[in-house]
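Please treat every number below as a calculation from the coordinates, not as lab data. Note that this is a predicted model, so its numbers are computed, not measured. Ideal geometry is used to build each Cβ from the backbone, glycine not excepted, and the neighbour counts take in all protein chains shown.
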Amino acid sequence: MKRFLVITLIVVSAVQCRKETTPATPINSLNISSTGKSAHDLLSSDTYSSLSIEIQYMPGMQLLPESLNNLTSFLNTYLNKPGGITITQKQIGSFSADTVSLRQVADFETQNRATYTNGNVIAVYILLSDADYGTSPNVLGIAYLNTSMVLFEKSIIAHSGGFGEASRLKVESSVLEHEFGHLLGLVNLGTPMVTPHEDEAHQHHCNNAKCLMYYETETFGFTNRVENIVPSFDANCLNDLKANGGK
């Protein structure tokens, strides 16, 4: 069921959490909570035994096959979904703009998203944008609702694979998994911390520079790390996920 609501977006960025309000738009009410609100539902099988991920990509922005494989492995490692995890991909139209606001991203989702949480299946929406983020051009991805995220794929492609830069696979996979980490409530964003480890200078990010949830993972700064290894959750993040229903 769709209804008209004003959506307040909780934005996770490299600098701070920002809040933006979208115009009144139709969207399933189970998919309009704040980022991290569905962390337990995503991690556990208490309410939802299955996960359905809808990936929509703009022309030329499709994920690398290896990144999709990495995402699948990531989800199977940390989520309790005995009913299975399915991922669908579809090409959609372009933003036809150099930059976009988060409001434009959310409106685009409302107009194009097809899969919503229903029954025992929780749904996640991932948009791969061909426009940069106008508010903070150095941001490569944002988890902006409880089951929604956007990757600024144009920026990821432009700032990876060159001299002194990490590979596109490393950057793409890392940003994708980092933003999913925010949907899972990390850090202190819906999944309680077993041990305090939130970076005071970068809210909702881990204070361990080697952890996947370190703030630089979603910024241009991360692309300059030439070692081509996708970071993992550190022990503190793993403990948080397990305590909130994850594997």
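Mean residue ellipticity at 222 nm from the helices of the chain, using -39,500 (n - 2.57) per DSSP H segment of n ≥ 4 over the full residue count, to the nearest 500 deg cm²/dmol?
Estimated from H runs of four or more residues: -7500 deg cm²/dmol.
Report, in debye and to the nearest 20, how large the dipole of the stretch 2-243 comes out about its Cα centre when Lys and Arg carry +1 and Asp and Glu carry -1 on their Cβ.
540
Residues with beta-carbon under 15 Å from that of HIS197, excluding HIS197: net charge, scoring Lys, Arg +1 and Asp, Glu -1?
Result for the neighbourhood of HIS197: -3.
How much of the DSSP bridge set in the chain is antiparallel, in percent, rounded to the nearest 5?
40
Amide H neighbours of ILE87 under 5 Å, counting only residues 5+ apart in sequence or on other chains, H built in-plane at 1.01 Å?
So ILE87 has HN proximity to ILE53.
Would you kindly calculate the translational diffusion coefficient of the stretch 84-134, applying Stokes-Einstein with the Kirkwood radius from alpha carbon pairs, for 25 °C and a viscosity of 0.890 mPa s, and quote it in µm² s⁻¹ without decimals?
197
In what sequence do THR88, THR147 fall when counting other Cβ within 10 Å, fewest first?
THR88, THR147
Hey, what do the phi angles of the stretch 37-43 turn into as Karplus ³J(HN,Hα) couplings, whole Hz, using 6.51/-1.76/1.60 and θ = phi - 60°, x for Gly and Pro?
5, 9, 4, 5, 5, 6, 6
What does the extension gain come out to for GLN203 and ALA97, with contour length at 0.36 nm per residue minus their alpha carbon separation?
35.2 nm
So for the pair THR47, GLN89, with labels modelled 7 Å out along Cα→Cβ, what separation do we get in nm?
For THR47 paired with GLN89, the spin-label model returns 3.1 nm.
When ILE122, ILE53, ILE85 are ordered from fewest to most other Cβ atoms inside 10 Å of their Cβ, what list results?
Lowest to highest Cβ neighbour count: ILE85, ILE53, ILE122.
Between the stretch 32-94 and the stretch 96-148, what's the alpha-carbon centroid distance in Å?
The distance from the Cα centre of the stretch 32-94 to that of the stretch 96-148 comes to 13 Å.
Taking only the alpha carbons of the stretch 143-218, what extent do you get along each of the three principal axes, in Å, biggest first?
39, 26, 17
Calculate, in nm to one decimal, what ASN118 and GLU66 gain on full extension: separation in residues at 0.36 nm each, minus their alpha carbon distance.
15.8 nm
Which three lengths, in whole Å and largest first, does the stretch 2-243 cover when its Cα atoms are put on their principal axes?
Extents along the principal axes, in whole Å: 47, 44, 33.
For THR195, THR99, THR47, what ranking results if the residue with the fewest other Cβ atoms within 10 Å of its Cβ goes first?
With the fewest neighbours first, THR195, THR99, THR47 line up as THR195, THR47, THR99.
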